[in-house]
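Trainee: Pasting a structure below so you can have a look.
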Amino acid sequence: MNILLIGGLWLNGSVWGRVASTLEALGHHPVPLTLPGQGAGFASATLDDQVETVLAAVDAAPGKLMVVGHSAACSLAWLAADRRPERLAKVALIGGFPSSDGQLYADLFEVTDGVVPFPGWGPFEGPDTADLDDEARRGLAAAAIPVPEGVAKGVVRLADDRRFDVPVVLVCPEFTPAQAQEWIDAGDVPELARAKHVDFADIDSGHWPMVSKPDELGRILAEAANAA
């Protein structure tokens with residue numbers, strides 16, 4: 001299956017290198033995506049620009065595909081389900097949840113000179129980074145690309161209820177499937193509360209399993225695609 005891989009804030013397509021190799025070895029066709037403003041284009045990029053890039057990749061893929069979103073990009077993967085529900089075999093969400101209609105995409109960190117720079121590791125101390133050694137932290141921080149304000153403060157627009165028919169697998173890194181289910185049941189994740197098919201996959205990692213556990217993450221994604 002074609003598997004579109006979308007990284008979260010500050011990441012470009014290169015972060016998926018080792019995951020992609022595992023997926024290829026397991027017979028799938030990974031497509032790591034570099035987004036406008038996060039390695040492609042300029043600081044003037046908007047959320048709409050990123051959505052258009054995702055949809056172009058979906059449209060270019062033969063047959064049905066699985067779209068994978070990491071962290072904030074879980075919303076981009078879900079937007080693909082909203083705009084192209086008939087094309088998606090499954091959505092995989094890693095370490096995050098889709099925003100609801102009308103919410104800001106990622107209004108989480110301070111904007112400086114029109115961009116959201118990587119804030120350092122302080123906000124992520126604890127389970128998010130417990131499995132990252134110093135080398136991994138240095139590598140991620142050095143490669144981090146400031147996210148344009150027009151992306152971070154873009155408004156998520158969802159309109160097609162057919163998105164709820166697209167099967168979802170929620171990959172749980174720094175939180176457990178049980179915790180995720182509690183949040184969904186409590187109404188904290190209304191989009192997934194309405195989704196008709198939600199499965200959970202546990203991975204013992206921090207927030208960036210594509211860096212710390214790429215082979216295991218690749219196997220989880222391959223299994224999800226095989227079950228689609």
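The values are calculated or read from the model by the stated rules, or taken from the named source; none is laboratory data. No experiment lies behind these values; they were computed from the predicted model shown. So basically every Cβ, Gly included, is an ideal-geometry build from the backbone, and we count neighbours across all protein chains shown. Surface areas here come from the heavy atoms of the whole protein model, side chains and all, with no ligands, DNA or RNA. Shrake-Rupley method; radii C 1.70, N 1.55, O 1.52, S 1.80 Å.
Trainee: Could you list, in sequence order, all residues of region 124-138 that are out of contact with any helix residue (DSSP H, G or I) (no Cβ under 8 Å at 6 or more places or on another chain) and farther than 30 Å from R194 by Cβ?
Mentor: So in region 124-138, the residues out of contact with any helix residue (DSSP H, G or I) (no Cβ under 8 Å at 6 or more places or on another chain) come out as 124-128, 130, 133-135, 137-138.
Scanning region 124-138 gives E125, G126, A130, D133, D134, E135, R137, R138.
Trainee: Continuing with this model, one more query. Test of understanding: among A130, A142, which residue is over 28 Å from E182 (Cα atoms) and surrounded by fewer than 20 Cβ atoms within 10 Å (Cβ to Cβ)? Steps first, answer last, please.
Mentor: Details: A130 fails: over 28 Å from E182 (Cα atoms).
Of the residues listed, the single one that is over 28 Å from E182 (Cα atoms) and surrounded by fewer than 20 Cβ atoms within 10 Å (Cβ to Cβ) is A142.
Trainee: OK, next. Checking the conditions here, which among F42, F97 is open to solvent by 10 Å² or more (accessible area, probe 1.4 Å) and within 25 Å of P209 (Cβ to Cβ)?
Mentor: Working: F42 fails: within 25 Å of P209 (Cβ to Cβ).
When all the criteria are applied, what remains is F97.
Trainee: Yes or no: region 18-27 includes at least one residue that is in a loop (DSSP other than H, G, I, E, B) and touching a residue at least 24 places away in the same chain (Cβ under 8 Å). Don't jump to the end; show me each part of the working.
Mentor: From region 18-27, those in a loop (DSSP other than H, G, I, E, B) are 26-27; that's our starting set.
This time we only want the ones that are touching a residue at least 24 places away in the same chain (Cβ under 8 Å), so: 26-27.
Yes: one or more hits.
Trainee: Could you figure out which of (1) over 17 Å from P167 (Cα atoms); (2) open to solvent by 10 Å² or more (accessible area, probe 1.4 Å) isn't true of R87?
Mentor: The one condition R87 does not meet is (1).
Every residue, every condition in (1) closer than 21 Å to P148 by Cβ; (2) within 16 Å of the chain's Cα centre (by Cα), yes or no:
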{"site": "I6", "(1), (2)": "yes, yes"}
{"site": "E24", "(1), (2)": "no, no"}
{"site": "G41", "(1), (2)": "yes, no"}
{"site": "T53", "(1), (2)": "yes, yes"}
{"site": "A56", "(1), (2)": "yes, no"}
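Trainee: If you don't mind, another one. Residues of region 103-127 being open to solvent by 50 Å² or more (accessible area, probe 1.4 Å) and either of a type in the set (K, R) or more than 20 Å from the chain's Cα centre (by Cα) (or both), which ones?
Mentor: Passing the criteria: E110, T112, D113, G122, E125.
Trainee: Next question, about the same structure. When you scan region 177-198, do you find a residue that is among the acidic types (D, E), touching a strand residue (DSSP E or B) at 6+ places or on another chain (Cβ under 7 Å) and more than 18 Å from G7 (Cβ to Cβ), even just one? It would help to see each step written out before you state the result.
Mentor: Narrowing region 177-198 to residues among the acidic types (D, E): 182, 185, 188, 191.
With touching a strand residue (DSSP E or B) at 6+ places or on another chain (Cβ under 7 Å) added as a condition, the list becomes none.
Scanning region 177-198 turns up no residue that is among the acidic types (D, E), touching a strand residue (DSSP E or B) at 6+ places or on another chain (Cβ under 7 Å) and more than 18 Å from G7 (Cβ to Cβ).
Trainee: Continuing with the same structure: Considering (1) open to solvent by less than 70 Å² (accessible area, probe 1.4 Å); (2) under 17 Å from the mean Cα position of the chain (by Cα), say which one R219 fails and leave the rest.
Mentor: If we test R219 against (1) open to solvent by less than 70 Å² (accessible area, probe 1.4 Å); (2) under 17 Å from the mean Cα position of the chain (by Cα), just (1) comes out false.
Trainee: Name the single residue that is farthest from G13 (Cα to Cα) among those in region 25-66 being aliphatic (A, V, I, L, M) and modelled with pLDDT under 95. Let's see the steps before the verdict.
Mentor: Filtering region 25-66 for residues aliphatic (A, V, I, L, M) gives 25-26, 31, 33, 35, 40, 43, 45, 47, 51, 54-58, 60-61, 65-66.
Those still in the list that are modelled with pLDDT under 95 too: 40, 43.
Working: A40: 10, A43: 17 Å.
Of everything passing the filter in region 25-66, A43 is farthest from G13 (Cα to Cα).
Trainee: For region 118-151, enumerate the residues that are without any contact (Cβ under 8 Å) to a residue 60 or more places away in the chain and either assigned to a loop (DSSP other than H, G, I, E, B) or among the aromatic types (F, W, Y) (or both).
Mentor: Passing the criteria: P119, G120, W121, E125, G126, D133.
Trainee: Shifting gears a bit: Being outside any helix (DSSP H, G or I) and among the β-branched types (V, I, T) is the filter; apply it to region 1-17 and report the residue that is farthest from L221 (Cα to Cα).
Mentor: First pass over region 1-17, keeping only residues outside any helix (DSSP H, G or I): 1-12.
Those left that are additionally among the β-branched types (V, I, T): 3, 6.
Details: I3: 9, I6: 13 Å.
Filtering first and then ranking leaves I6.
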